[in-house]
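Novice: Before I ask anything, let me first share the structure, which is written out below as structure tokens.
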Amino acid sequence: MIGATELDCDKNRKRADRVVQGFFGGKFLPMHKGHLYCIDRAAQECDRVLVVLFINCEEELRIRKNDHSRELEPSERILQMRRVCGCYPNVDYEVIDDSDLKKPDGSDDWEAEAAIVRKSLPRIDYVYSSEPDYGAVFAKLYPEAGHVIVDAEREKYPISGTMIRAMKYLEEKEKWMV
């Protein structure tokens, strides 16, 4: 695996000899400006980007059991994904339903998810995230891909889905949501 980080990554990933492909996946509970920043960066650095929205995963179901906000509904997140990715000529999106992709203990099966991602993007050059802790998982699932960590410290957009869900007023949430 290429040890790419925000500090040592090649800022211009596009190459003349082949199509450079990137992948960014998440639950987008809800989609916020930090997610958009990551998508935008991947779109600038890769010839083709696949953004995957994972729905009905363990964490989402737990969150939605207690939070019935409209922006967390899968249908709303799919519409948002379609709208955002449609702004980029080199970004496609896919929705993967995790309902049947569970390990025997009920946890999400990232290997099964990766197999589905591979059907749409057999070769992945870079996996984008803001989570350094995902490096080992990505190295196992996408060994040929560099892990590009985007704004792990949340300096550009100091927000997370958890923070937005904790906000009490829609006006406050809307400042951060896409």
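Novice: Being surrounded by 13 or more Cβ atoms within 10 Å (Cβ to Cβ) and at pLDDT below 95 is the requirement here; does residue 59 meet it?
Specialist: Yes: the conditions hold for residue 59.
Novice: Return the pairs, sorted by first residue and then second, in which the second residue is modelled with pLDDT under 95, the first residue lies in region 10-28 and is of a type in the set (Gly, Ala, Ser), the beta carbons are less than 8 Å apart, and the residues are 6+ apart or on different chains.
Specialist: Short answer, once both residue conditions are applied: 22/13.
Novice: Further question: Among (1) surrounded by 14 or more Cβ atoms within 10 Å (Cβ to Cβ); (2) closer than 15 Å to residue 49 by Cβ; (3) more than 15 Å from the chain's Cα centre (by Cα), where does residue 112 come up short?
Specialist: (2)
Novice: Going by the conditions given, is residue 95 under 15 Å from residue 26 (Cα atoms) and surrounded by 16 or more Cβ atoms within 10 Å (Cβ to Cβ)?
Specialist: The answer is no for residue 95.
Novice: It is to be established whether one or more residues within region 72-85 are among the small types (Gly, Ala, Ser) and farther than 26 Å from residue 145 by Cβ. Break it down stepwise before answering.
Specialist: First pass over region 72-85, keeping only residues among the small types (Gly, Ala, Ser): 75.
Next, only the ones that are farther than 26 Å from residue 145 by Cβ stay: 75.
Yes.
Novice: Moving on. Need the failing condition index for residue 105 against (1) more than 18 Å from residue 29 (Cβ to Cβ); (2) modelled with pLDDT of 95 or more, just the number.
Specialist: Just one mismatch for residue 105, condition (2).
Novice: Next question, about the same structure. Kindly evaluate residue 39 against the criterion of being in contact with a Lys or Arg (Cβ under 9 Å, 6 or more places away or on another chain) and either under 20 Å from residue 19 (Cα atoms) or surrounded by 15 or more Cβ atoms within 10 Å (Cβ to Cβ) (or both).
Specialist: Against the criterion (in contact with a Lys or Arg (Cβ under 9 Å, 6 or more places away or on another chain) and either under 20 Å from residue 19 (Cα atoms) or surrounded by 15 or more Cβ atoms within 10 Å (Cβ to Cβ) (or both)), residue 39 does not qualify.
So that you can scan it fast, the table gives a plain yes or no per residue for (1) assigned to a loop (DSSP other than H, G, I, E, B); (2) in contact (Cβ under 8 Å) with a residue 60 or more places away in the chain:
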{"site": "60", "(1), (2)": "no, no"}
{"site": "71", "(1), (2)": "no, yes"}
{"site": "80", "(1), (2)": "no, yes"}
{"site": "89", "(1), (2)": "yes, no"}
{"site": "112", "(1), (2)": "no, no"}
{"site": "128", "(1), (2)": "no, yes"}
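Novice: At pLDDT 95 or above and over 26 Å from residue 170 (Cα atoms), is that true of residue 4?
Specialist: So residue 4 fails the test.
Novice: Looking at region 18-39, which of its residues are in contact with a helix residue (DSSP H, G or I) (Cβ under 8 Å, 6 or more places away or on another chain), part of a loop (DSSP other than H, G, I, E, B) and on the phi < 0 side of the Ramachandran plot?
Specialist: 20, 27, 29, 30, 31
Novice: Give the number of residues within region 141-165 that are out of contact with any helix residue (DSSP H, G or I) (no Cβ under 8 Å at 6 or more places or on another chain) and either outside any loop (DSSP other than H, G, I, E, B) or crowded, with 20+ Cβ neighbours inside 10 Å (or both).
Specialist: Result for region 141-165: 4.
The values are calculated or read from the model by the stated rules, or taken from the named source; none is laboratory data. It should be emphasised that the depicted structure is a prediction, and the values quoted were computed from it without experimental measurement. Because the Cβ atoms are built from the backbone with ideal geometry, glycine has one as well, and the counts that use them run over all protein chains shown.
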